[in-house]
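Below is one structure, written out as structure tokens; comments come after it.
The values are calculated or read from the model by the stated rules, or taken from the named source; none is laboratory data. All values derive from a computational prediction rather than experimental measurement. Counting neighbours? That spans all protein chains shown, and the Cβs are built from the backbone with ideal geometry, glycine included.
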Amino acid sequence: MAREAKGLPLYLHIAEELRTRISSGAIADGDKMPSQRDLAAEFGTTLMTVRQALEILEDEELVRTEHGRGMFVSAPRISEFDREKLFGFDAEMGLRHQRVSTRLLNGAPAMIYPQAAGLLGFDARTVPPAIRRLRLLNGMPIVLQASFLAPRFASLLATYDPSRSLYEQLTQACGSPVAMTKEILLPLVLDNEAAAFLERNPGEAAMLSARMSRSSEGEALVYDEAIMAGDSFFISAERIGKRHSYDLNFGKGGVLPMIEQLLKED
């Protein structure tokens, strides 16, 4: 596998190949999976790398382990799009029964971290084409977001529909869904412009979400910089055994009421 060309670790490619076999029926529901040694030999890698791939499939509930018998396929048939689909901000908030609206903003935003331009295929001195939006949660401005597009998606500037997910529109444009994102959260203080959009005071604490989204082939599709008002969100983490989950939570009325609500949840 030419994983270096695609820029993704080998265990992700192995997981992707096994997902494809399961979704296509090449490995049917209830079938026993090949042994770890057989998979390691097939993909020319170590048992540890194969285990990493299988752990991903097990977390996704595509396979199950039966003690003393091995690993078996346990998933129903799923479509190529549904299996890889990642939700955008609007969809995630919708799942939480939060009313989100988007206001499209004029003007080309400056990139806070211009080094990211190189990941999209631009010279670091060039600002890529961008879609700038203000996100409102239940009518309150909460996120100021700029989505910088890879060169071949520049035409989306003219056709972008703020009522639809940008992920869905990228999927239609590139023919494969956004399958992988990497996000970093960084502290910052609001400058005059961001404070005005978010209806906060300049100098207030905020967070920057810097996120690169890629296709299943590893192609960089869009780089997002989202400034989030510091008094309206928090990050929660949950650990059960070896499984970890992290969640970004938004709400009104400050952080303390949100923490109280979180701790009351089952």
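Residue-level check: of (1) outside any helix (DSSP H, G or I); (2) without any contact (Cβ under 8 Å) to a residue 12 or more places away in the chain; (3) aliphatic (A, V, I, L, M), A28 misses just (2). Annotation: D38 fulfils all but one of (1) modelled with pLDDT of 75 or more; (2) within 17 Å of the chain's Cα centre (by Cα); the unmet one is (2). Of the set (1) of a type in the set (A, V, I, L, M); (2) at pLDDT 80 or above; (3) over 21 Å from the mean Cα position of the chain (by Cα), all apply to A124 but (2). In region 253-264, the count of residues that are at pLDDT below 85, exposed (fewer than 15 other Cβ atoms within 10 Å of the Cβ), small (G, A, S) and assigned by TED's automatic domain parsing to the domain that holds L120 is one or more.
Does region 41-73 hold any residues that are buried (at least 17 other Cβ atoms within 10 Å of the Cβ) and over 14 Å from L12 (Cα atoms), and which are they? Listed by number, the residues that qualify are L62, V63, M71, V73.
Could you identify the single residue in P128, P141 that is touching a helix residue (DSSP H, G or I) at 6+ places or on another chain (Cβ under 7 Å), under 17 Å from A210 (Cα atoms) and either in the same structural domain as M212 (by TED's automatic domain parsing) or of a type in the set (S, T, Y) (or both)?
On the way: P141 fails: under 17 Å from A210 (Cα atoms).
The conditions single out P128.
Anything in region 211-222 that is in a strand (DSSP E or B) and either under 12 Å from P151 (Cα atoms) or at pLDDT below 85 (or both)? List them, or say none. Hits for region 211-222 are S215, A220, L221, V222. The set of residues in region 31-44 being in a helix (DSSP H, G or I) and not polar (S, T, N, Q) consists of R37, D38, L39, A40, A41, E42, F43. Of the residues making up region 8-27, just one is exposed (fewer than 14 other Cβ atoms within 10 Å of the Cβ), more than 16 Å from R51 (Cβ to Cβ) and either under 19 Å from the mean Cα position of the chain (by Cα) or modelled with pLDDT of 85 or more (or both), namely A26.
Quick grid of which residues meet (1) under 18 Å from T181 (Cα atoms); (2) touching a Leu at 6+ places or on another chain (Cβ under 9 Å); (3) surrounded by fewer than 16 Cβ atoms within 10 Å (Cβ to Cβ):
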| site | (1), (2), (3) |
| --- | --- |
| G107 | no, no, yes |
| I112 | no, yes, yes |
| A117 | yes, no, no |
| T126 | no, no, yes |
| P129 | no, yes, no |
| R135 | no, yes, no |
| N138 | no, no, yes |
| L144 | no, yes, no |
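In region 151-167, the qualifying residues are those that are assigned to a loop (DSSP other than H, G, I, E, B) and touching a strand residue (DSSP E or B) at 6+ places or on another chain (Cβ under 6 Å), and the one that is surrounded by the fewest Cβ atoms within 10 Å (Cβ to Cβ) is P162. Taking the conditions (1) assigned to a helix (DSSP H, G or I); (2) at pLDDT below 80 in turn, H97 satisfies each one other than (1).
Scanning region 178-222 for residues that are surrounded by fewer than 14 Cβ atoms within 10 Å (Cβ to Cβ) and at positive phi gives E199, G203. Are any residues in region 45-59 touching a residue at least 12 places away in the same chain (Cβ under 8 Å) and either outside the structural domain of Y11 (by TED's automatic domain parsing) or assigned to a loop (DSSP other than H, G, I, E, B) (or both), and if so, which ones? Listed by number, the list holds a single entry, T45.
Is it the case, given these coordinates, that L170 is farther than 29 Å from E199 by Cα and surrounded by 21 or more Cβ atoms within 10 Å (Cβ to Cβ)?
Judged against the criteria, L170 is a match.
When F81, F89 are screened for being modelled with pLDDT under 80, surrounded by 14 or more Cβ atoms within 10 Å (Cβ to Cβ) and among the aromatic types (F, W, Y), only F89 passes.
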